[in-house]
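The values are calculated or read from the model by the stated rules, or taken from the named source; none is laboratory data. Everything numeric here is computed off the predicted structure, so don't read it as measured data. Positions of Cβ are backbone-derived with ideal geometry, glycine not excepted, and every protein chain shown enters the neighbour counts. Ligands, DNA and RNA are excluded from the accessible area calculation, which covers all protein heavy atoms including side chains. Shrake-Rupley method; radii C 1.70, N 1.55, O 1.52, S 1.80 Å.
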Amino acid sequence: MSERMESSSIESSTVSSMTMMEEDEHPHQFSSISKLHSNGPTTTSVHDLLECPVCTNSMYPPIHQCHNGHTLCSTCKTRVHNRCPTCRQELGDIRCLALEKIAESLELPCRYISLGCPEIFPYYSKLKHEAICNFRPYNCPYAGSDCSVVGDIPCLVAHLRDDHRVDMHSGCTFNHRYVKSNPMEVENATWMLTYFCLHFEAFQLGMAPVYMAFLRFMGDEREARNYSYSLEVGGNGRKLTFEGSPRSIRDSHKKVRDSHDGLIIYRNMALFFSGGDRKELKLRVTGRIWKEQQNPEGGVCIPNLCS
């Protein structure tokens with residue numbers, strides 16, 4: 001069977017491989033994808049049939065149809081209040097089994113083909129792959145709001161700087177001061193160190209109010225494992241330290257926070273570090289990042305400290 005391609009469009013986005021010490025690597029260039037067609041007119045017409053008339057996305061089982069044969073996807077069926085968007089007849093619960101069977105015979109490229117993904121999948125397997133495709137765009141890593149922006153790494157760095165006004169720094173060390181007059185009303189904070197996001201968040205750990213600082217890498221999980229970082233919070237002659245590997249921004253800040261993968265500071269301890277009358281939160285978060293290198297003789301990861 002000849003290759004068949006799916007009609008799809010994607011906003012400008014890509015995945016780039018960028019590291020703090022390897023800035024000479026170039027990310028994939030990206031551009032909008034126009035509708036993709038194979039050479040055969042039959043494939044094009046099948047794609048038209050598999051396109052939902054309401055959301056224009058590809059339809060997957062169950063595919064519904066009205067008594068006149070007009071089809072739409074299961075998601076949009078609930079949105080149109082059980083009325084066919086084409087002829088306005090009542091939809092009922094009729095499945096278009098013939099169209100579902102035809103879809104089984106199709107093989108399609110990943111929707112991120114123009115971003116570098118070479119894979120081809122059966123129609124019903126493609127969606128599962130695209131959800132975890134390494135070439136899919138990244139979500140905005142900003143922790144202060146539920147931002148819906150997606151894109152490649154350079155796009156998101158510019159977005160964080162211009163739209164979220166995130167403080168940007170270069171180098172491999174950081175030193176941030178977090179001050180709040182009311183420790184009960186702590187806002188989530190995000191700082192940028194080249195291609196790393198340093199997060200500071202407040203939440204409840206059981207019944208105890210805590211703060212947590214952790215690092216995420218602007219890239220995928222495989223690249224993130226190449227780095228290590230340390231964090232230190234202290235004051236009043238005391239300090240807490242943490243050392244670990246940054247998480248990828250593929251993992252949401254909520255997922256990292258809920259896994260407790262970072263430096264956790266109980267509020268009472270944070271106020272003690274702040275000194276004074278313990279009514280104002282004044283914390284200094286410091287740390288450094290280094291890249292792990294494979295030791296060719298012993299096979300052990302040794303730190304490569306940046307200068």
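Structure summary
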| quantity | calculated |
| --- | --- |
| Candidates per GluC sites (Glu not before Pro) in region 170-268, loop by DSSP, up to 12 other Cβ within 10 Å | E185, E187 |
| Cleavage-rule hits (trypsin sites (Lys or Arg not before Pro)) in region 98-183: DSSP loop, at most 14 neighbouring Cβ within 10 angstrom | R165 |
| Region 138-291, Rg to Rh (Cα coordinates; Rh as Kirkwood inverse mean 1/r) | 0.95 |
| For D258, net neighbour charge (Lys/Arg +1, Asp/Glu -1) across residues whose Cβ lies under 13 Å away | +1 |
| Cα gyration tensor, region 38-155 - rounded (a/c under 1.5), prolate or oblate | oblate |
| Cα-based shape type of region 171-262, given that a ≥ b ≥ c are square roots of the gyration tensor eigenvalues and the cut on a/c is 1.5 | prolate |
| Percent carbon-and-sulfur accessible area, region 138-291, ignoring ligands, DNA and RNA, probe 1.4 Å | 44 |
| Diffusion constant of region 95-142 at 20 °C, which comes from Stokes-Einstein with the Kirkwood Cα-pair radius and 1.002 mPa s, µm²/s | 178 |
| Solvent exposure of region 47-132 as accessible area per residue, Å², 1.4 Å probe | 55 |
| Rule-of-thumb Rg ratio for region 104-195 [Cα; 2.2 N^0.38 Å; N residues] | 1.54 |
| Under 25 Å from the Cα of K279 - lysines, other chains or at least 8 residues apart | K180, K239 |
| Charged-residue dipole, Cβ positions (Lys, Arg, Asp, Glu), region 47-132 about Cα centre, Debye nearest 20 | 280 |
